[in-house]
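The values are calculated or read from the model by the stated rules, or taken from the named source; none is laboratory data. None of these values were measured; they are calculated from a predicted model. Here Cβ is always computed from backbone atoms with ideal geometry, including for glycine, and neighbour counts include all displayed protein chains. Each accessible area value is taken on the protein alone, full model and side chains, heavy atoms only, with ligands, DNA and RNA left out. Shrake-Rupley method; radii C 1.70, N 1.55, O 1.52, S 1.80 Å.
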Amino acid sequence: MIHRVKRANDMHLGKWNGLGGKLEAGETPEECAIREIHEESGLIVKHMVLKGFITFPGFANEEDWYTFIYVIDEIEGELIDSLEGNLAWINDGDLFDLNLWEGDKIFLNWLEYPGVFSAKFNYKNGQFIDHHVIFYPAQLQ
């Protein structure tokens with residue numbers, strides 16, 4: 001997790017977030033996640049599992065945000081001093097003690113469910129309003 005405390009104009013200032021960022025031109029969501037995790041933490045993702053999609057209508061500057069949620073279960077490397085904030089390994093049982101976005105407190109539980117979820121989280125002026133979710137069962141490959 002990253003504690004966003006290093007940039008005064010950061011809309012996430014003071015919050016704890018998972019690592020990630022915006023897609024670059026021509027990039028897949030997987031390539032973006034791998035790149036962003038490396039840039040922000042110095043870690044190299046070796047294996048990850050797609051767990052869900054979340055839409056945040058009008059989340060920042062009236063822009064819709066579309067997020068892809070992964071669980072990373074194999075990495076290499078050492079944590080760096082990130083420009084984004086302070087990095088820390090957080091035990092699952094301690095996550096809900098952190099200053100998280102209200103929606104994060106909801107979807108983090110879903111990462112343990114089999115299959116994939118698709119959700120919409122509505123915020124207004126940084127305040128959580130409501131959410132809707134659909135769960136898709138795990139498929140045999």
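In square angstrom, what is the accessible area per residue of region 1-120 with a 1.4 angstrom probe?
Spelled out: the 1.4 Å probe surface of region 1-120, per residue, equals 59 Å².
Leaving out same-chain residues fewer than 8 places away, which lysines sit with a Cα under 18 Å from that of Lys6?
Lys15
Let a ≥ b ≥ c be the square roots of the eigenvalues of the Cα gyration tensor of the chain; is it rounded (a/c under 1.5), or, if not, prolate (a/b larger than b/c) or oblate?
rounded
Would you mind putting 77-83, 33-39 in packing order, based on average other-beta-carbon counts within 10 Å, highest first?
Put in order of decreasing packing, that is 33-39, 77-83.
Determine the shape class of region 1-49: with a ≥ b ≥ c the square roots of the Cα gyration tensor eigenvalues, call it rounded for a/c under 1.5, and otherwise prolate if a/b is greater than b/c, oblate otherwise.
Prolate.
Can you show me the helix-derived [θ] at 222 nm for the chain, built from DSSP H runs with n ≥ 4 at -39,500 (n - 2.57) apiece and divided by the number of residues, rounded to the nearest 500.
Roughly -4000 deg cm²/dmol at 222 nm, from the helical runs in the chain.
Considering only protein heavy atoms and a 1.4 Å probe, what is the carbon-and-sulfur percentage of the accessible area of the chain?
Carbon and sulfur together cover 52 percent of it.
Counting pairs of alpha carbon atoms under 8 Å apart in space and at least six apart in sequence, what relative contact order in percent does the chain give?
24
Which of the lysines could a cross-linker span from Lys46 if the Cα-Cα distance has to be under 25 Å and same-chain partners fewer than 8 positions apart are dropped?
Those lysines meeting the cut-off are Lys22.
With the cut-off at 1.5 for a/c, could you classify region 59-141 from its C-alpha gyration tensor as rounded, prolate or oblate?
Cα axes put region 59-141 in the oblate bin.
Which one of Leu95, Gly85, Val133 is farthest out on the positive end of the charge dipole of the chain, using unit charges on Cβ (Lys, Arg +1; Asp, Glu -1) and the Cα centre as origin?
Positive-most Cα among the choices belongs to Val133.
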